[in-house]
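Report on one structure; see the data block that follows.
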Amino acid sequence: MIAPVDFNRFQDALATSRGLLELAVTGLCLLVAWAIDRRIERVHVARGDSARLPGSFVRIAFPLIGLGLVYVATALWRRHAGPPFFLTIATPLLIALAAIRMLIYVLRRLFPAQRWLPASELAIGTTTWALVILYFVGVLPEIAAALDELVLPIGKAQVSVLAILEGIVVVVVTLVVTLWLSGLVEQRLTRATQLDANLRVVLSKSIRALLIVVALLIALQAIGFDLTLLTVFGGALGVGIGLGLQKLASNYIAGFTILLDRSIRMGDLVTVDGRTGIVSKVTSRYVVVRSLDGVEAIVPNETLVTTTVLNHSYTSPDVWITLRVQISYDSDVEAALALMVDIAKRQPRVLGGEHAPASYLVGFADNGITLELGVWIADPHRGQLSLKSALNRAILAEFNARGIKLPFPQREIRIVGDASGAGVPAAERPRSAPGAGPGFERG
């Protein structure tokens with residue numbers, strides 16, 4: 001148990017060479033920990049995402065390394081020189097620093113980019129250091145004794161304010177450690193590229209939920225909470241799901257179903273609810289589909305399970321694109337087909353080999369012959385409009401250069417008989433309304 005600081009002993013320690021040596025050893029431990037921390041941070045920044053150490057550990061590397069060095073120095077000092085003093089003081093300071101950094105890290109992970117976060121970080125740091133100072137001057141034990149005497153009646157039990165505060169601290173610390181451990185596991189799973197992306201998401205979310213449940217049970221048991229009361233809460237939760245949380249529960253169940261059966265994965269090109277886009281995020285409640293125009297649609301998982309979803313890259317990312325072109329009847333069809341294939345092969349996005357482009361004669365229209373060019377691409381996320389535009393422009397230029405004509409609508413008008421009616425018997429002349437012109441036949 002770490003006792004408050006005895007300031008008389010503090011003065012006596014500074015007045016002796018033994019105390020100055022211990023102070024130097026304490027400072028050396030902190031200096032070595034700081035140097036190792038700087039080295040770890042430089043390596044982490046240089047390697048970026050490929051760094052082996054997670055960012056959460058880098059944030060608390062200095063207090064953890066300092067605690068380890070101080071613990072070793074304390075054991076050696078106690079064995080060879082007697083009870084330590086300054087090394088004992090350094091221990092709660094390093095514990096407080098580690099607690100502050102851990103709490104701030106968890107807040108930043110849970111509530112990113114929030115305006116109130118800097119003020120909360122300042123409040124956490126100020127409160128923690130204030131408690132440490134009160135502990136060192138011996139005031140904190142007196143405050144704890146006063147709070148222990150304040151008793152609040154909760155049902156049939158009498159609970160002191162100190163016990164309530166200790167319970168809150170235990171729960172918060174347990175959750176912080178749990179979220180930190182789950183963050184480490186999640187980062188480790190993110191780097192496990194040999195696992196499927198959906199499997200990594202399922203494992204990370206399942207492990208986080210399991211750790212949080214276990215942490216809450218441990219914390220509640222530590223503060224003396226009767227766990228049998230959770231059965232009442234479980235029954236109320238079941239009634240709530242049955243009455244008003246069906247959609248929410250079905251979305252979560254559908255989310256785990258999608259993640260486990262891997263029907264939709266990160267990066268897939270899908271069409272759902274009339275929108276086509278790339279799956280940019282898969283969560284346990286919804287899926288984010290980013291369309292090619294940059295708009296992101298949040299689709300509930302239940303929609304993906306109960307409706308038909310077109311997954312354009314389910315088995316392969318390759319996509320077939322077609323272009324239709326008409327040429328006039330007096331043009332060389334074989335030359336046009338070969339020229340279209342040659343134009344497609346010049347485009348860098350068009351695949352070759354077994355997915356080489358091909359052209360076909362698909363029909364005879366009123367104004368010309370309809371040809372179709374089909375190409376395969378492996379990057380549908382880049383869109384199709386730019387590729388189609390490049391192909392159409394190249395086809396137009398090459399057809400004009402080779403004399404292949406593109407048809408345009410034509411109408412042929414034939415005049416039946418003489419416009420004046422000469423040479424036609426009067427009985428056979430068509431009747432027309434007064435003021436109407438001669439009769440015409442359109443063909």
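So here's what we get for this one:
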read-out: Matching residues, segment 76-96, being surrounded by fewer than 16 Cβ atoms within 10 Å (Cβ to Cβ) and touching a Pro at 6+ places or on another chain (Cβ under 7 Å); value: Arg78
read-out: Options Ala378, Ala336: the member that is modelled with pLDDT of 90 or more and hydrophobic (A, V, I, L, M, F, W, C); value: Ala336
read-out: Subset of segment 251-289 that is within 15 Å of Asn311 (Cβ to Cβ) and of a type in the set (Lys, Arg) - its residue that is surrounded by the most Cβ atoms within 10 Å (Cβ to Cβ); value: Arg265
read-out: Residues within segment 49-68 that are farther than 20 Å from Val185 by Cβ and either outside any helix (DSSP H, G or I) or modelled with pLDDT under 85 (or both), tallied; value: 2
read-out: Qualifying strands (runs of 3 or more DSSP E) (wholly inside segment 250-301; at least 2 residues being of a type in the set (Lys, Arg) and in contact (Cβ under 8 Å) with a residue 12 or more places away in the chain); value: 275-282
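Per-residue answers, yes or no, for (1) of a type in the set (A, V, I, L, M, F, W, C); (2) more than 22 Å from Arg393 (Cα to Cα); (3) touching a helix residue (DSSP H, G or I) at 6+ places or on another chain (Cβ under 6 Å):
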position: Lys281; (1), (2), (3): no, yes, no
position: Arg290; (1), (2), (3): no, yes, no
position: Ala297; (1), (2), (3): yes, yes, no
position: Thr303; (1), (2), (3): no, yes, no
position: Tyr329; (1), (2), (3): no, no, no
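The values are calculated or read from the model by the stated rules, or taken from the named source; none is laboratory data. Predicted model only: the values in this text are computed from it and were never measured. Virtual Cβ from ideal backbone geometry, glycine too; neighbours counted across all protein chains shown.
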